[in-house]
Amino acid sequence: MSNAVPPRRPDARPRHRDRHGRGMRGPLAPPQVPLSASRAETFDDLVRDSAERLERQWPQLSAVDFAVLEVPGLAPAEPGGGDGWDGRSVPLGGLVPALGDRPDCVIVYRRPVELRAKSREERALLVHEVVVEQVAELLGLSPESVDPRYGQD
């Protein structure tokens, strides 16, 4: 008796993993449902909402870019002997001043903010605080004058 497997017929369909005859699996949630948004997309929305909220009060912010990066990078070494980011504390946000035709850019670092916030509400508040702090630094004002509700939520 031979254990050889007979060759497949050329017209035979490839076998799919379709258990119990229910068909192929589709997405778990339709695209318009918040469940289908990734954590990164949800975080981007928080930053965008915070920026739009501040732009209503400060129209000059429409020329500022708002960006989200995963983590802060190491800053280049400074000529005065400093080594950039000191490594003692992780920044939650940053500000890149305008240079040439590139506008000012407010940056929020997603992973450090997510690690410090325990809930969605806390994350939204922390994102807004980071954006307000960076905008205040950009405008040369105190965070309380940029957003009167800063620190109260």
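The values are calculated or read from the model by the stated rules, or taken from the named source; none is laboratory data. It should be emphasised that the depicted structure is a prediction, and the values quoted were computed from it without experimental measurement. As a convention, Cβ positions derive from the backbone with ideal geometry for all residues, glycine included, and neighbour counts pool all protein chains shown. These area figures cover heavy atoms from the full protein model, side chains too; ligands, DNA and RNA do not enter into them. Shrake-Rupley method; radii C 1.70, N 1.55, O 1.52, S 1.80 Å.
Odds and ends about this structure:
- For VAL33, the stated conditions do not hold, so it cannot be described as modelled with pLDDT of 95 or more, open to solvent by less than 90 Å² (accessible area, probe 1.4 Å) and aliphatic (A, V, I, L, M).
- Looking across the range 112-153 at every residue that is in a loop (DSSP other than H, G, I, E, B) and hydrophobic (A, V, I, L, M, F, W, C), the one that is surrounded by the most Cβ atoms within 10 Å (Cβ to Cβ) is identified as ALA117.
- Taken together, the residues in the range 47-68 that are more than 17 Å from PRO148 (Cβ to Cβ) and among the basic types (Lys, Arg) amount to 1.
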